[in-house]
Amino acid sequence: MEAFVSRKRPKLSPNKPSLAESPPDADESESTDLKLALLASLNPDHSQEVLLDYLLAYDGSVEKASNAIAGSAKDDRPRKRTGFTGYQSSLSSFTSSENNAQARSGSTVKQLTKKGKTLHLYTPEEIEAHTPCSMIHNFLPPDECEALTKELMGEASNFKRHTFKMFDRIVEEGHGFRLYVNSLEEVEKQKAEYVYNGGYVKEIAQCPPEMLKVSIRVQKTVNAEIQRRIRDLNPGGRKLKFQSDEEWKPNASFLNCYDGGKQSLGYHSDHLTYLGPRTSIGSLSLGVTREFRVRRIVPQIDEAAGDAQGQIAIHLPHNSLLIMHAEMQEEWKHAIAPAQIVEPHPLTQMKRLNLTYRCFKDSFQPKDIPKCKCDFPCVLRCVQKRAATRGRYMWQCIKGFSIGETGCSHFEWAELDEDGRPPWVMGYKGNANVPAIIAQNDES
Ligand SMILES: O=C(O)CCC(=O)C(=O)O
Ligand SMILES: [Fe+2]
């Protein structure tokens, strides 16, 4: 999971860097997500909607919102917002076909879902029409699925929820997780060299047999889906700029365990540091069905459209494989929403298990990645919101992503060729991560 790799921990009082160094994505909506995730960790009994109301009522102050919640009854909202419904009567009441095409192609964003509403998607066709994801139901043959579920229940039985310090209190992560890699040698390498959220991590283990076996199936399916999408959905049948031209080979996976409806994961995009740009992720769900919420990040220039946009809920039943494609980490955010009620599963009871198969790239190893003044490998991120630089990749100091840490504010634009390769690898074709206006001139 990405509490390590990708999820950014809330930043409380970030030191503003000088203008020259100012990160180009000083992204307000992102900081709201981070604050919301933090508020949820502090107040696990409250729904996201209630927490958002408090955050808005207290001008984005997590501390004030948290104090107010502590002194009030559970559903005593500070002010009324538009209603939230867990279902809708029909898809067409939500979106137009024009909007569906825009959602796929990534062209200008118009209103995809209605403000304050959640569009619920169940079928592979609906999911493909509205998001950059593929869904495969009943992915594993039943025996294999059962064997994997039992194996993962064993793995998750000793998961501890990670903690972090906040306002002098110890706060628990929203759910349990561990990173798995293919060999013991890789485990040692990860522990010694890979930095996540500003530190080295001990919670890394070797893949047990069923997890490894299933990764071969996931590899075949993800590669087939990547090729199908390029052929059938991408303009001109071409891969995206910065998307790798190599086969996707899963060599690491996060096992996430959500024990009961209160355990959740806040909105985030997965960091691309070790995965490279335009990556794909295969995400297998087992046990209790939960909602995967996704939201397209709109450029700042389209603020009105952004405000008007609602979120999308993809329902993830037992034995379903959701593939997040190359547009997902750069242009969308995702979350696992808390659930009021969950239906127990015969093999996992109240738990949902999730395996996110990832392809860590040889070309993005910590030894090669630019270091900041804190002497840590930087994180690779893509500008999501600021219209002028949207889609450009940057290396940033990882420390600024840890709670209470400000880091050294190091920032540099990444050099990446059109296949997403950095300059230190063989076959590098020259930097394509340049402002859009220069890229257009090059083409003309
Ligand atoms: O539990 C899930 O389905 C999502 C997990 C996730 O987003 C992550 O591991 O980064
Ligand atoms: Fe994620």
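Just so it is clear, none of the values below were taken in a lab; they were calculated from the coordinates. Predicted model, so just to flag it, every value in this text is computed and none were measured. Cβ sites come from the backbone with ideal geometry, for glycine too, and all protein chains shown count toward neighbours.
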Along Cα→Cβ, 7 Å out, is where each label goes; now give me the distance between the ones at Lys64 and Met426 in nm to one decimal. 5.9 nm
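Over 22 Å between Cα atoms: which of Lys333/Lys373; Lys35/Lys351; Lys351/Lys399; Lys189/Lys371 fall into that group? Please report the intermediate quantities before stating the final value.
Working: Lys333/Lys373 29 Å; Lys35/Lys351 26 Å; Lys351/Lys399 32 Å; Lys189/Lys371 18 Å.
Cα-Cα > 22 Å for Lys333/Lys373; Lys35/Lys351; Lys351/Lys399; rest within.
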Taking a point 7 angstrom from the Cα of Asp368 along the C-beta vector, which residues in region 277-293 have backbone N less than 15 Å away? 277
Potential extension, Gln206-Asp45 segment - 0.36 nm per residue separation minus Cα distance: 54.5 nm
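Sort 274-282, 414-422, 204-212 for me by packing, meaning the mean count of neighbouring Cβ atoms within 10 Å per residue, highest on top.
274-282, 414-422, 204-212
Please report Trp424, Trp248 as a ranked list, fewest other C-beta atoms within 10 angstrom at the top and most at the bottom.
Trp424, Trp248
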Once you place label points 7 Å from the Cα toward the Cβ at Lys150 and Met350, how far apart are they in nm? 2.5 nm
At 7 Å along the Cα-to-beta-carbon direction for both Glu185 and Val434, put a label point, then send me their distance in nm to one decimal. 4.0 nm
Along region 326-336, Karplus-curve 3J(HN,Hα) (6.51, -1.76, 1.60; θ = phi - 60°) to the nearest Hz, with x for Gly and Pro, reads 4, 7, 5, 6, 7, 10, 10, 10, 9, 7, 10
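How would you classify region 250-393 from its alpha-carbon gyration tensor, with a ≥ b ≥ c the square roots of the eigenvalues: rounded for a/c under 1.5, else prolate if a/b is greater than b/c, otherwise oblate?
It is oblate, given that a/c is not under 1.5 and a/b is not larger than b/c.
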